[in-house]
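Written out below as C-alpha coordinates is the structure these notes cover.
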Amino acid sequence: MKVLVCGGAGYIGSHMVKMLDQEGHDVTVFDNLSTGHKEAVKWGRFAIGDLTEKGSLDSLFEKGHFDAVMHFSAKSLVGESMTDPAGYYRNNVLGTINLLNAMRDHDVKTFIFSSSAATYGNPIKPFIDETHPLNPINPYGKTKLMVEKILEDYEKAYHISSVSLRYFNAAGADKDGDIGESHDPETHLIPNIIKSVVGDRVPLKVFGNDYATKDGTCVRDYIHVTDLAKAHLLSLDYMNANKGAHVFNLGNGKGFSILDVIHAAENVINGKIDFEYQKRRAGDPPTLVADSTFAKMELGWKIEYDNMTDIIKTAFAWHKNQTY
Ligand code: UFG
(Lines give C-alpha, C1' and ligand atoms only; values in the text may rest on other atoms or scores of the structure.)
Protein backbone atom coordinates (compact mmCIF):
# COMPACT_ATOMS: atom_id res chain seq x y z
CA MET A 1 0.00 0.00 0.00
CA LYS A 2 1.00 3.63 -0.44
CA VAL A 3 0.95 4.96 3.11
CA LEU A 4 1.34 8.56 4.25
CA VAL A 5 2.81 8.75 7.75
CA CYS A 6 2.31 12.18 9.29
CA GLY A 7 4.75 12.59 12.14
CA GLY A 8 6.99 9.86 10.78
CA ALA A 9 10.12 11.65 12.05
CA GLY A 10 8.92 11.36 15.64
CA TYR A 11 9.37 8.66 18.24
CA ILE A 12 6.41 6.35 17.53
CA GLY A 13 6.04 7.42 13.88
CA SER A 14 9.62 6.47 12.98
CA HIS A 15 9.15 2.96 14.41
CA MET A 16 6.00 2.68 12.30
CA VAL A 17 7.83 3.78 9.17
CA LYS A 18 10.49 1.12 9.69
CA MET A 19 7.86 -1.60 10.14
CA LEU A 20 5.85 -0.49 7.09
CA ASP A 21 9.01 -0.48 4.98
CA GLN A 22 9.98 -3.94 6.22
CA GLU A 23 6.49 -5.18 5.30
CA GLY A 24 6.93 -3.91 1.73
CA HIS A 25 4.70 -0.82 1.87
CA ASP A 26 5.54 2.39 0.01
CA VAL A 27 5.95 5.07 2.70
CA THR A 28 5.92 8.86 2.57
CA VAL A 29 6.76 10.75 5.76
CA PHE A 30 5.27 14.21 6.31
CA ASP A 31 6.67 16.07 9.30
CA ASN A 32 7.38 19.66 10.34
CA LEU A 33 10.41 18.56 12.41
CA SER A 34 9.17 20.59 15.39
CA THR A 35 9.83 17.65 17.70
CA GLY A 36 10.84 14.96 15.19
CA HIS A 37 14.30 14.35 13.73
CA LYS A 38 15.41 14.25 10.10
CA GLU A 39 17.90 11.53 11.11
CA ALA A 40 15.01 9.31 12.22
CA VAL A 41 13.62 9.16 8.67
CA LYS A 42 15.71 6.24 7.45
CA TRP A 43 13.06 4.60 5.27
CA GLY A 44 10.64 5.86 2.63
CA ARG A 45 10.57 9.37 1.19
CA PHE A 46 10.37 12.56 3.20
CA ALA A 47 8.29 15.69 2.70
CA ILE A 48 8.75 18.51 5.19
CA GLY A 49 5.60 20.47 5.93
CA ASP A 50 3.01 21.46 8.47
CA LEU A 51 -0.56 20.22 8.78
CA THR A 52 -1.75 23.67 9.74
CA GLU A 53 -0.66 24.95 6.29
CA LYS A 54 -3.32 23.69 3.93
CA GLY A 55 -1.32 24.50 0.78
CA SER A 56 1.46 22.01 1.47
CA LEU A 57 -1.10 19.24 2.01
CA ASP A 58 -2.78 19.77 -1.34
CA SER A 59 0.42 19.26 -3.32
CA LEU A 60 1.39 16.29 -1.14
CA PHE A 61 -1.93 14.52 -1.81
CA GLU A 62 -1.95 15.41 -5.51
CA LYS A 63 1.40 13.69 -6.01
CA GLY A 64 1.01 10.93 -3.43
CA HIS A 65 -2.01 8.79 -4.53
CA PHE A 66 -2.13 7.38 -0.99
CA ASP A 67 -4.15 4.32 -0.01
CA ALA A 68 -4.02 5.10 3.71
CA VAL A 69 -2.90 7.76 6.18
CA MET A 70 -1.40 7.23 9.63
CA HIS A 71 -1.39 10.30 11.81
CA PHE A 72 1.23 10.61 14.56
CA SER A 73 1.82 14.38 14.32
CA ALA A 74 0.76 15.88 17.60
CA LYS A 75 1.90 17.90 20.49
CA SER A 76 1.78 15.27 23.20
CA LEU A 77 2.93 16.61 26.55
CA VAL A 78 0.32 16.67 29.26
CA GLY A 79 2.08 19.38 31.30
CA GLU A 80 2.73 21.66 28.30
CA SER A 81 -0.90 21.37 27.23
CA MET A 82 -1.97 22.89 30.55
CA THR A 83 0.08 26.05 29.90
CA ASP A 84 -0.28 26.26 26.09
CA PRO A 85 -3.78 25.00 25.25
CA ALA A 86 -3.91 27.25 22.16
CA GLY A 87 -0.93 25.44 20.61
CA TYR A 88 -2.57 22.08 21.33
CA TYR A 89 -5.94 22.95 19.80
CA ARG A 90 -4.28 24.51 16.76
CA ASN A 91 -1.84 21.70 16.09
CA ASN A 92 -3.83 18.66 17.19
CA VAL A 93 -7.38 19.63 16.20
CA LEU A 94 -7.03 22.17 13.40
CA GLY A 95 -4.08 20.30 11.86
CA THR A 96 -6.04 17.03 11.89
CA ILE A 97 -9.12 18.64 10.32
CA ASN A 98 -6.89 19.93 7.48
CA LEU A 99 -5.47 16.45 7.02
CA LEU A 100 -8.90 14.81 6.99
CA ASN A 101 -10.22 17.38 4.53
CA ALA A 102 -7.29 16.67 2.22
CA MET A 103 -8.15 12.95 2.48
CA ARG A 104 -11.79 13.68 1.68
CA ASP A 105 -10.83 15.88 -1.30
CA HIS A 106 -8.43 13.27 -2.69
CA ASP A 107 -10.61 10.26 -2.01
CA VAL A 108 -8.40 8.56 0.60
CA LYS A 109 -10.65 6.47 2.85
CA THR A 110 -8.43 4.77 5.41
CA PHE A 111 -7.11 6.57 8.48
CA ILE A 112 -5.24 5.48 11.60
CA PHE A 113 -5.10 7.97 14.43
CA SER A 114 -2.77 8.13 17.43
CA SER A 115 -5.20 8.71 20.25
CA SER A 116 -4.37 8.46 23.92
CA ALA A 117 -5.28 7.08 27.31
CA ALA A 118 -5.42 10.75 28.27
CA THR A 119 -8.96 10.75 26.78
CA TYR A 120 -10.22 8.89 29.89
CA GLY A 121 -9.16 11.33 32.62
CA ASN A 122 -9.18 9.98 36.17
CA PRO A 123 -10.01 6.27 36.08
CA ILE A 124 -13.04 5.02 37.97
CA LYS A 125 -11.91 1.39 37.79
CA PRO A 126 -8.51 -0.30 37.96
CA PHE A 127 -8.42 -1.50 34.34
CA ILE A 128 -9.67 0.89 31.70
CA ASP A 129 -11.53 -0.59 28.76
CA GLU A 130 -13.05 1.32 25.84
CA THR A 131 -16.43 1.66 27.62
CA HIS A 132 -14.86 3.67 30.46
CA PRO A 133 -16.24 7.26 30.67
CA LEU A 134 -14.28 9.85 28.69
CA ASN A 135 -13.50 12.85 30.89
CA PRO A 136 -10.05 14.15 29.95
CA ILE A 137 -8.45 16.30 32.65
CA ASN A 138 -5.98 18.15 30.41
CA PRO A 139 -6.17 19.96 27.05
CA TYR A 140 -3.98 17.29 25.43
CA GLY A 141 -6.54 14.57 26.21
CA LYS A 142 -9.35 16.84 25.10
CA THR A 143 -7.75 17.40 21.68
CA LYS A 144 -7.50 13.62 21.17
CA LEU A 145 -11.12 13.09 22.15
CA MET A 146 -12.28 15.90 19.86
CA VAL A 147 -10.56 14.24 16.92
CA GLU A 148 -12.18 10.90 17.76
CA LYS A 149 -15.59 12.63 17.67
CA ILE A 150 -14.74 14.32 14.36
CA LEU A 151 -13.80 10.91 12.95
CA GLU A 152 -17.26 9.53 13.77
CA ASP A 153 -18.83 12.32 11.71
CA TYR A 154 -16.32 12.06 8.84
CA GLU A 155 -17.09 8.36 8.57
CA LYS A 156 -20.83 8.99 8.32
CA ALA A 157 -20.59 11.89 5.89
CA TYR A 158 -17.45 11.16 3.83
CA HIS A 159 -16.97 7.41 4.40
CA ILE A 160 -13.47 7.81 5.79
CA SER A 161 -12.94 4.68 7.90
CA SER A 162 -10.70 5.08 10.91
CA VAL A 163 -9.07 3.28 13.76
CA SER A 164 -8.20 5.45 16.76
CA LEU A 165 -5.61 3.77 18.94
CA ARG A 166 -5.60 4.96 22.52
CA TYR A 167 -1.99 4.47 23.55
CA PHE A 168 -1.08 4.14 27.16
CA ASN A 169 2.59 5.00 27.88
CA ALA A 170 4.78 4.33 24.84
CA ALA A 171 8.20 3.09 25.92
CA GLY A 172 11.39 1.40 24.70
CA ALA A 173 13.16 1.52 21.36
CA ASP A 174 13.77 -0.41 18.16
CA LYS A 175 15.53 -3.72 18.91
CA ASP A 176 18.22 -3.03 16.28
CA GLY A 177 19.00 0.36 17.87
CA ASP A 178 18.28 2.21 14.59
CA ILE A 179 15.79 4.64 16.15
CA GLY A 180 14.58 5.56 19.62
CA GLU A 181 13.03 8.16 21.89
CA SER A 182 14.65 11.59 21.77
CA HIS A 183 12.92 14.77 22.89
CA ASP A 184 14.33 18.18 23.73
CA PRO A 185 13.59 18.92 26.47
CA GLU A 186 12.96 15.33 27.58
CA THR A 187 9.94 15.06 29.86
CA HIS A 188 9.22 11.32 29.83
CA LEU A 189 10.01 9.09 32.73
CA ILE A 190 12.10 6.26 31.21
CA PRO A 191 14.44 8.48 29.13
CA ASN A 192 14.86 10.74 32.16
CA ILE A 193 15.78 7.76 34.33
CA ILE A 194 18.38 6.79 31.73
CA LYS A 195 19.71 10.35 31.43
CA SER A 196 20.26 10.38 35.18
CA VAL A 197 22.85 7.60 34.88
CA VAL A 198 24.40 8.06 31.42
CA GLY A 199 26.00 11.09 29.71
CA ASP A 200 25.56 14.35 31.60
CA ARG A 201 23.72 12.60 34.44
CA VAL A 202 20.79 15.00 34.77
CA PRO A 203 19.33 14.54 38.30
CA LEU A 204 16.06 12.59 38.27
CA LYS A 205 12.96 14.18 39.76
CA VAL A 206 9.88 12.20 40.75
CA PHE A 207 6.74 14.29 40.55
CA GLY A 208 4.56 13.57 43.59
CA ASN A 209 4.67 10.89 46.27
CA ASP A 210 1.28 11.64 47.79
CA TYR A 211 -1.03 9.97 45.27
CA ALA A 212 -3.48 7.30 46.43
CA THR A 213 -1.36 4.51 44.93
CA LYS A 214 0.59 1.67 46.53
CA ASP A 215 3.73 3.79 47.06
CA GLY A 216 2.34 7.29 46.51
CA THR A 217 3.81 7.69 42.99
CA CYS A 218 1.83 7.66 39.72
CA VAL A 219 1.05 4.30 38.16
CA ARG A 220 1.24 3.89 34.38
CA ASP A 221 0.96 1.13 31.80
CA TYR A 222 4.13 1.03 29.67
CA ILE A 223 3.76 -0.49 26.21
CA HIS A 224 6.68 -1.08 23.86
CA VAL A 225 6.80 1.15 20.79
CA THR A 226 7.24 -1.85 18.45
CA ASP A 227 4.08 -3.43 19.89
CA LEU A 228 2.28 -0.16 19.21
CA ALA A 229 3.49 -0.12 15.61
CA LYS A 230 2.32 -3.72 15.16
CA ALA A 231 -1.23 -2.74 16.16
CA HIS A 232 -1.27 -0.10 13.40
CA LEU A 233 -0.29 -2.68 10.82
CA LEU A 234 -3.10 -4.95 11.99
CA SER A 235 -5.50 -1.99 11.90
CA LEU A 236 -4.77 -1.48 8.20
CA ASP A 237 -5.92 -5.04 7.52
CA TYR A 238 -8.86 -4.65 9.88
CA MET A 239 -10.28 -1.72 7.96
CA ASN A 240 -10.37 -3.73 4.73
CA ALA A 241 -13.16 -5.81 6.19
CA ASN A 242 -14.56 -3.44 8.81
CA LYS A 243 -15.65 0.00 7.71
CA GLY A 244 -16.47 2.45 10.50
CA ALA A 245 -14.83 4.64 13.15
CA HIS A 246 -13.19 2.20 15.55
CA VAL A 247 -11.42 2.76 18.85
CA PHE A 248 -9.00 0.42 20.62
CA ASN A 249 -6.90 0.66 23.76
CA LEU A 250 -3.24 -0.28 23.46
CA GLY A 251 -1.55 -1.11 26.73
CA ASN A 252 0.23 -3.90 28.52
CA GLY A 253 -2.48 -4.30 31.16
CA LYS A 254 0.07 -3.98 33.97
CA GLY A 255 0.46 -0.98 36.22
CA PHE A 256 3.94 0.17 37.26
CA SER A 257 4.50 2.95 39.78
CA ILE A 258 7.36 5.36 39.16
CA LEU A 259 9.32 3.58 41.87
CA ASP A 260 8.67 0.20 40.16
CA VAL A 261 10.11 1.61 36.94
CA ILE A 262 13.14 3.00 38.77
CA HIS A 263 13.71 -0.40 40.42
CA ALA A 264 13.42 -2.21 37.06
CA ALA A 265 16.01 0.20 35.62
CA GLU A 266 18.27 -0.48 38.63
CA ASN A 267 18.08 -4.19 37.78
CA VAL A 268 19.03 -3.47 34.17
CA ILE A 269 22.11 -1.41 35.11
CA ASN A 270 22.84 -3.44 38.23
CA GLY A 271 23.30 -0.22 40.19
CA LYS A 272 21.47 2.46 42.14
CA ILE A 273 19.42 5.26 40.63
CA ASP A 274 19.13 8.39 42.79
CA PHE A 275 16.17 10.74 42.60
CA GLU A 276 14.43 13.43 44.56
CA TYR A 277 10.72 13.99 45.09
CA GLN A 278 9.14 17.17 43.75
CA LYS A 279 5.57 18.36 43.96
CA ARG A 280 2.92 16.87 41.64
CA ARG A 281 3.04 17.75 37.94
CA ALA A 282 -0.17 19.46 36.78
CA GLY A 283 -2.53 17.29 34.72
CA ASP A 284 -1.23 13.87 35.87
CA PRO A 285 -3.91 11.30 36.75
CA PRO A 286 -2.81 8.99 39.62
CA THR A 287 -3.15 5.76 37.64
CA LEU A 288 -3.74 4.72 34.03
CA VAL A 289 -3.78 1.00 33.26
CA ALA A 290 -5.33 -0.53 30.15
CA ASP A 291 -7.65 -3.37 29.48
CA SER A 292 -6.68 -4.13 25.87
CA THR A 293 -8.82 -7.25 25.46
CA PHE A 294 -10.81 -5.65 22.66
CA ALA A 295 -7.72 -4.87 20.52
CA LYS A 296 -6.42 -8.40 21.04
CA MET A 297 -9.76 -9.91 20.10
CA GLU A 298 -10.63 -7.72 17.11
CA LEU A 299 -7.21 -6.98 15.63
CA GLY A 300 -5.50 -10.22 16.66
CA TRP A 301 -2.91 -8.06 18.46
CA LYS A 302 -0.27 -9.91 20.49
CA ILE A 303 2.12 -8.15 22.84
CA GLU A 304 5.76 -9.14 22.36
CA TYR A 305 7.29 -7.06 25.17
CA ASP A 306 5.30 -7.92 28.29
CA ASN A 307 8.11 -7.41 30.74
CA MET A 308 9.32 -4.04 32.07
CA THR A 309 12.98 -5.10 32.25
CA ASP A 310 13.00 -6.04 28.55
CA ILE A 311 11.36 -2.74 27.62
CA ILE A 312 13.91 -0.73 29.60
CA LYS A 313 16.80 -2.76 28.13
CA THR A 314 15.83 -1.66 24.61
CA ALA A 315 15.63 1.97 25.76
CA PHE A 316 19.08 1.76 27.38
CA ALA A 317 20.58 0.15 24.28
CA TRP A 318 19.37 3.06 22.13
CA HIS A 319 20.45 5.78 24.56
CA LYS A 320 23.99 4.35 24.76
CA ASN A 321 24.46 4.78 20.99
CA GLN A 322 22.03 7.63 20.48
CA THR A 323 22.61 9.33 17.14
CA TYR A 324 20.07 12.19 17.31
N1 UFG B 1 7.59 11.62 35.73
C2 UFG B 1 8.51 11.88 36.74
N3 UFG B 1 9.74 12.37 36.41
C4 UFG B 1 10.10 12.62 35.13
C5 UFG B 1 9.17 12.35 34.10
C6 UFG B 1 7.94 11.85 34.44
O7 UFG B 1 8.20 11.68 37.93
O8 UFG B 1 11.23 13.07 34.89
C9 UFG B 1 6.29 11.05 36.07
C10 UFG B 1 5.11 11.85 35.57
O11 UFG B 1 4.75 12.91 36.43
C12 UFG B 1 4.05 10.76 35.46
C13 UFG B 1 4.85 9.50 35.06
O14 UFG B 1 6.21 9.78 35.47
O15 UFG B 1 3.48 10.54 36.69
C16 UFG B 1 4.86 9.23 33.58
O17 UFG B 1 5.18 10.44 32.92
P18 UFG B 1 5.53 10.55 31.37
O19 UFG B 1 5.83 12.00 31.11
O20 UFG B 1 6.58 9.57 31.02
O21 UFG B 1 4.21 10.09 30.65
P22 UFG B 1 2.71 10.63 30.83
O23 UFG B 1 1.97 9.60 31.63
O24 UFG B 1 2.65 12.02 31.32
O25 UFG B 1 2.19 10.72 29.36
C26 UFG B 1 2.36 9.73 28.38
C27 UFG B 1 2.34 10.43 27.04
C28 UFG B 1 1.00 11.04 26.82
C29 UFG B 1 -0.10 10.01 27.02
C30 UFG B 1 0.03 9.32 28.35
C31 UFG B 1 -1.01 8.23 28.40
O32 UFG B 1 3.35 11.44 26.99
O33 UFG B 1 0.97 11.51 25.49
O34 UFG B 1 1.33 8.78 28.45
O35 UFG B 1 -0.83 7.39 29.47
F36 UFG B 1 -1.29 10.62 27.00
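The values are calculated or read from the model by the stated rules, or taken from the named source; none is laboratory data. This structure is a prediction, so every number in the text was calculated from the model and none was measured. Every residue, glycine among them, receives a Cβ derived from its backbone with ideal geometry; neighbour counts consider all protein chains shown.
The residues listed here are S73, S114; of these, the one that is touching a Phe, Trp or Tyr at 6+ places or on another chain (Cβ under 6 Å), buried (at least 18 other Cβ atoms within 10 Å of the Cβ) and modelled with pLDDT of 95 or more is S114.
Does any residue of segment 97-115 turn out to be in contact (Cβ under 8 Å) with a residue 40 or more places away in the chain, assigned to a helix (DSSP H, G or I) and either in contact with a Ser or Thr (Cβ under 6 Å, 6 or more places away or on another chain) or within 13 Å of the ligand (Cβ to nearest atom) (or both)? For segment 97-115, residues in contact (Cβ under 8 Å) with a residue 40 or more places away in the chain, assigned to a helix (DSSP H, G or I) and either in contact with a Ser or Thr (Cβ under 6 Å, 6 or more places away or on another chain) or within 13 Å of the ligand (Cβ to nearest atom) (or both): absent.
If you take just the strands (runs of 3 or more DSSP E) that sit entirely in segment 1-83, which of them hold at least 3 residues that are under 16 Å from the mean Cα position of the chain (by Cα)? Strands (runs of 3 or more DSSP E) meeting the threshold: 68-71.
Can you confirm whether F316 is part of a strand (DSSP E or B) and either out of contact with any Pro (no Cβ under 7 Å at 6 or more places or on another chain) or at pLDDT 95 or above (or both)? Taking the combined requirement at face value, the residue does not satisfy it. Looking at segment 53-70, which of its residues are of a type in the set (S, T, Y) and surrounded by 17 or more Cβ atoms within 10 Å (Cβ to Cβ)? Within segment 53-70, S56 is the sole residue that qualifies.
Taking segment 186-302 and the helices (runs of 4 or more DSSP H) fully enclosed by it, the elements with 3 or more residues that are crowded, with 22+ Cβ neighbours inside 10 Å and either within 11 Å of the ligand (Cβ to nearest atom) or over 18 Å from the mean Cα position of the chain (by Cα) (or both) are at 189-195, 258-269. Of the residues making up segment 126-149, just one is among the polar types (S, T, N, Q), within 13 Å of the ligand (Cβ to nearest atom) and assigned to a loop (DSSP other than H, G, I, E, B), namely N138. The selection criterion, being over 21 Å from I258 (Cβ atoms) and surrounded by fewer than 23 Cβ atoms within 10 Å (Cβ to Cβ), holds for S161. Report whether or not G121 is at positive phi, touching a helix residue (DSSP H, G or I) at 6+ places or on another chain (Cβ under 7 Å) and either within 14 Å of the ligand (Cβ to nearest atom) or aromatic (F, W, Y) (or both). Judged against the criteria, G121 is a match. L204 meets the conditions (1) under 24 Å from K38 (Cβ atoms); (2) outside the structural domain of G79 (by TED's automatic domain parsing); (3) touching a helix residue (DSSP H, G or I) at 6+ places or on another chain (Cβ under 8 Å) in every case but one. The failed one is (1).
Among the numbered conditions (1) polar (S, T, N, Q); (2) under 30 Å from K279 (Cβ atoms); (3) modelled with pLDDT under 95, the only one that S56 does not meet is (2). Contact map, segment 221-237: residues that are basic (K, R) paired with residues that are surrounded by fewer than 24 Cβ atoms within 10 Å (Cβ to Cβ) and not in a helix (DSSP H, G or I), Cβ distance under 9 Å, separation 6+ or inter-chain. Pairs shown: K230/W301; K230/K302; K230/I303; K230/E304. Taken as a whole, the structure places K156 among residues that are more than 27 Å from H15 (Cβ to Cβ), in the same structural domain as A74 (by TED's automatic domain parsing) and outside any loop (DSSP other than H, G, I, E, B). Among the residues of segment 116-132, which ones are touching a residue at least 24 places away in the same chain (Cβ under 8 Å) and either closer than 16 Å to E53 by Cα or among the polar types (S, T, N, Q) (or both)? Matches in segment 116-132: S116, T119, N122. Taking the criterion of being over 24 Å from I160 (Cβ atoms), free of Cβ contacts under 8 Å to residues at least 60 places away in the same chain and touching a helix residue (DSSP H, G or I) at 6+ places or on another chain (Cβ under 9 Å), the residues of segment 21-66 that qualify are S34, G36, V41, W43, F46, I48.
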